[in-house]
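What follows is calculated from the coordinates using simple rules that are stated; it is not laboratory data. Please read all numbers here as calculations on a predicted model, not as lab measurements. As a convention, Cβ positions derive from the backbone with ideal geometry for all residues, glycine included, and neighbour counts pool all protein chains shown.
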Amino acid sequence: MLRTALLAVLLALSGAAAAQERTVKIILGFPAGATSDILTRLVADHMRGTLGHAVIVENKAGAGGRIANETVKAAAPDGATLLMTPVATMSIFPHSFGNLRYDPFRDFAPLTHLSDFQLSLGVSTKIPAKTLAEYVALVKQDAKNGFYASAAAGSIPHFLGVMFARTAGIELTHVPYRGTANVLQALAAGEIAAATTLAADIGTLVRGGRARLLAVSGAARDPAFPDVPTFREQGYDMEGTGWYGLFAPAGTPKAEIDRLSSAAIAAIKDPAVGKRMIDIGLQPTGHGPAELARIMKADHDKWGPVIRASGFKPGQ
């Protein structure tokens, strides 16, 4: 009987040691310090406590997030490698890149819809526009005011500008920059008149008086910018929000999907995590695999016509 009890203790200790040795890696296709990086680390830190083993974040920036997606697609489907990515790489890029080396709907297993975020149109303080109507008037007066920046061609901020131009009946010219930091630097310097970005990303410039935020893209105002009206409030019938989601490689066992998804949802539902997310301009959600899959497909179908109507060619 003593031997049986000792064996049970040893097995329990062995199991605990194995759990401690296990590591889950979350791959993120964007650099440290970005809004997506802050969110990923918040979730990873909380998941570590829930799962009882290491959860680390690896930044694999490049190609607008596509390198990270390719890395996770090729990973073993054992729950040890996950992908944190925004709507663009899953729902937008299939329309805007002809040489995409992954299929969002075949190569990944949805885990958790982590958050929504709003997009925005901001302008340099070097131009006098304080409302969308004033900006539209400036563009009609002088075409140079119609140049707008985004962090990448083929991205969701790029196509927000396309959607606004169509809705407002004006000509806007997209200028792709290499990443959000360069967009914000150009806007603050007055190098470009306007920019479409995540609302969260332009916040520092706006609060510092170096840019003006004219509109946010949600159905309601962004809690982080309660004084900034939506496009629709200002008479422009358009809406386009984004999201961040957590994915595993296709073929990951359901038990692992359920375990990891539950841990990520617990992170999002934690009040402290939720408050920090709101502070950086994100709206916590915490939906499971089925809802993430539904949203991903709905956005794929929504943005396709906008991209095709823009004349943008895959890989352009």
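Which length gain, in nm to one decimal place, applies between A137 and A309 when the Cα-Cα distance is subtracted from 0.36 nm times their residue separation? Could the numbers behind the result be given before it?
Working: separation 172, 0.36 × 172 = 61.92 nm, distance 2.37 nm.
So the extension gain works out to 59.6 nm.
Computed 3J(HN,Hα) for region 163-180, one whole-Hz value per residue from the Karplus formula 6.51 cos²θ - 1.76 cosθ + 1.60 where θ = phi - 60°, is 4, 5, 4, 5, 5, 8, x, 10, 9, 10, 10, 7, 10, x, 10, 8, x, 5, glycine and proline marked x. Relative to the dominant Cα principal axis of the chain, helix 254-269 is inclined by about 60°.
For V306, what is the net charge nearby, where nearby means another residue's Cβ is under 14 Å from its Cβ and Lys, Arg count +1, Asp, Glu -1? Spelling it out: positives minus negatives among the neighbours equals -1. What residue among G286, G218, G208 has the largest mean-square fluctuation in a Gaussian network model of the chain, using Cα springs under 10 Å? Result for the chain, Cα springs under 10 Å: G208 fluctuates most. Once you have the Kirkwood Rh of region 118-234 from its Cα pairs, apply Stokes-Einstein at 10 °C and 1.306 mPa s and quote D in µm²/s. It comes out at roughly 117 µm²/s. Amide hydrogen proximity for F108: with H placed 1.01 Å from N in the peptide plane, the residues at 5 or more positions away or on another chain lying under 5 Å are A250.
When the chain is fully extended, how far beyond the present Cα-Cα distance does R276 get from A61, taking 0.36 nm per residue of separation? Intermediate values should be presented prior to the final figure.
Working: separation 215, 0.36 × 215 = 77.40 nm, distance 2.35 nm.
Working it through step by step, the gained length comes to 75.1 nm.
Cα gyration tensor of the chain, axes a ≥ b ≥ c as square roots of the eigenvalues: rounded (a/c below 1.5), prolate (a/b > b/c) or oblate? Since a/c reaches 1.5 and a/b is larger than b/c, the shape of the chain is classed as prolate.
Grab the beta carbon distance between M238 and E191, set R0 = 22 Å, and tell me the FRET efficiency rounded to 0.05. Walk me through the numbers before you get to the answer.
On the way: r = 26 Å, r/R0 = 1.20.
With R0 = 22 Å, the Cβ-Cβ based efficiency is 0.25.
Just checking the listed ones, F231, F108, F147: in the Gaussian network model of the chain with Cα springs under 10 Å, the one fluctuating most is F147.
In the neighborhood of R221, defined by Cβ-to-Cβ distances under 10 Å, what is the net charge if each Lys or Arg adds +1 and each Asp or Glu adds -1?
On the way: positive: none; negative: D222, D227, E233.
Neighbour charge sum, excluding R221 itself: -3.
Of all the options G179, G235, G161, the one that moves most in a Gaussian network model of the chain with Cα springs shorter than 10 angstrom is G235. Separation of region 246-316 and region 226-245, taken as the distance between their Cα centroids, equals 19 angstrom.
So if R0 is 45 Å, what FRET efficiency would T204 and A250 give, r being the distance between their Cβ atoms, rounded to the nearest 0.05? Working shown, then result.
Details: r = 38 Å, r/R0 = 0.84.
The formula returns an efficiency of 0.75 here.
Between F147 and D301, the simple label model (points 7 Å from Cα in the Cβ direction) yields a spacing of 4.0 nm. Distance distribution note for region 197-316: the fraction of Cα pairs above 19 angstrom is 62%.
Can you compute the helix-only [θ] at 222 nm over the chain? Use -39500 (n - 2.57) per DSSP H run of at least 4 residues, normalise by all residues, nearest 500 deg cm²/dmol. Kindly include the intermediate steps, with their values, before the conclusion.
Working: 11 runs with 138 residues, N = 316.
Counting only the DSSP helices, I get -13500 deg cm²/dmol.
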